[in-house]
1. Filter the range 123-145 for residues that are part of a loop (DSSP other than H, G, I, E, B) and out of contact with any Leu (no Cβ under 8 Å at 6 or more places or on another chain); which is surrounded by the fewest Cβ atoms within 10 Å (Cβ to Cβ)?
2. Tyr249 - would you say it is at pLDDT 95 or above and either assigned to a strand (DSSP E or B) or among the aromatic types (Phe, Trp, Tyr) (or both)?
3. Which one of the conditions (1) of a type in the set (Asp, Glu); (2) within 28 Å of the chain's Cα centre (by Cα); (3) not in a loop (DSSP other than H, G, I, E, B) does Asp240 fail to meet, given that it meets all the rest?
4. Of (1) surrounded by 14 or more Cβ atoms within 10 Å (Cβ to Cβ); (2) among the aromatic types (Phe, Trp, Tyr); (3) more than 19 Å from Arg160 (Cα to Cα), Phe190 satisfies all except one. Which?
5. Give Leu157, Leu203 a once-over and let me know the one that is assigned by TED's automatic domain parsing to the domain that holds Arg262 and in contact with a helix residue (DSSP H, G or I) (Cβ under 6 Å, 6 or more places away or on another chain).
6. Would you mention how many residues in the range 217-237 are closer than 19 Å to Leu281 by Cβ, of a type in the set (Lys, Arg) and loosely packed, with under 12 Cβ neighbours inside 10 Å?
7. Lys291 versus (1) touching a residue at least 24 places away in the same chain (Cβ under 8 Å); (2) closer than 28 Å to Gln168 by Cβ; (3) not acidic (Asp, Glu): which is the lone unmet condition?
8. Inside the range 238-288, can you point out the residues that are touching a residue at least 60 places away in the same chain (Cβ under 8 Å) and of a type in the set (Phe, Trp, Tyr)?
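The values are calculated or read from the model by the stated rules, or taken from the named source; none is laboratory data. Keep in mind that this is a model prediction, so the values were computed, not measured. Cβ coordinates were reconstructed from backbone atoms using ideal geometry, including for glycine residues, and neighbour counts include every protein chain displayed.
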Amino acid sequence: MYTGTIVFSELMDYLPVKAFRKCVTRYRGHHKVKSFSCWDHFLCMAFAQLTYRASLRDIEACLRAMQPKLYHMGIRGKVSRSTLAEANEKRDWRIYADFAQILIPVARELYRDDEFDFQLDETVYALDSSTIDLCFSLFPWAKFRKRKAAVKLHTLLDLRGNIPEFIQITDGKYHDVNILDILIPEAGSFYIMDRGYIDFWRLYQFNQHHAFFVIRAKDNLKSRRLYSRPVDKQTGLRCDQTVVLTGFYPGKDYPDKLRRVRYYDAENEKYFTFLTNNFTLEALTIANLYKSRWQIELFFKWIKQHLRIKAFYGTSENAVKTQIWIAIATYVLVAIVKKRLKLDISLYTFLQVLSVRQFERTPILQLLTNADYKNSIDVQSRQLNLFDL
């Protein structure tokens, strides 16, 4: 019989603890802390994410019920609702943000050679944001509307492996396009964006950094056609043009040429117009690249359904950001473990299994490869069988 570490502890063994300690030291996370360390705090919150605990009281009750196993989970401090609440309130959220940013490159490296829908050597990113609605009376710092609060999760998603490369958490009033001022364009990479990110001065910075963008154009775009390329209209393409902007401010902000691709979606009976600074790819590939942007919408939907980021354990800005960053770190950790163990299951299935078997002493690989087990009968048992087998 296996008598090694429990599942939760085996999962946490994939985390770089030394790197976490450096993050704690950087922000003085243990200043005036006597017993409940930042690592204890992270483990408790990660456990809550993996098992989808509803509240701090729920976390406390669940962990105290398993008190003899807390040491084997790596938790050394006493777990209580008040201690967790204080840690969420006072421990600097940047500790967990920096730690998640350490895990992200590890995951991206593991998924770098994954199959992609397009035969491109360049990295393809999708940029978008998702709004998490909050109660204004409880979260007055999260400005959004007059009687409504919210936070925005701005994400740059690597479409090869669906690993977030960049994440920024802001209040709901922060406009999406302002996030382009924070991003540092990566030369040679493709950035897929919706029309909410149209700002031609900012897009021109991508061009200056030799990065490519594919963005949906607004209906009121003013441009002048220089010349056209032939297209196969049976594929849905309607035109492939080289244009320059004719509006006074757009033309001043983006003085270079742009490529305009128009596509008709027969399924939805809708026209789409795309702008890009790439003139080498096929026009149909440009349209399909924008279509792949839908993966970031699925990413937002997935993490909202399977991680605890819609209901929060605290109401302060620090508590909300701490919970979101630990949720992201947990998501990336599970993706890393799945890849390193070469598990041929979905991330959803992996999380579902982990959520109910955290305290078992079965190796994770065996836990997931022995799913189709057969019931064995103990011939030495004196219990009579109720049914013929």
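1. Among those residues, the one meeting the criterion is Ser137.
2. Against the criterion (at pLDDT 95 or above and either assigned to a strand (DSSP E or B) or among the aromatic types (Phe, Trp, Tyr) (or both)), Tyr249 does not qualify.
3. The number of the failed condition is (2).
4. (3)
5. Result of the check over Leu157, Leu203: Leu157.
6. Result for the range 217-237: 1.
7. Of the numbered conditions (1) touching a residue at least 24 places away in the same chain (Cβ under 8 Å); (2) closer than 28 Å to Gln168 by Cβ; (3) not acidic (Asp, Glu), the odd one out for Lys291 is (1).
8. Scanning the range 238-288 gives a single hit, Phe274.
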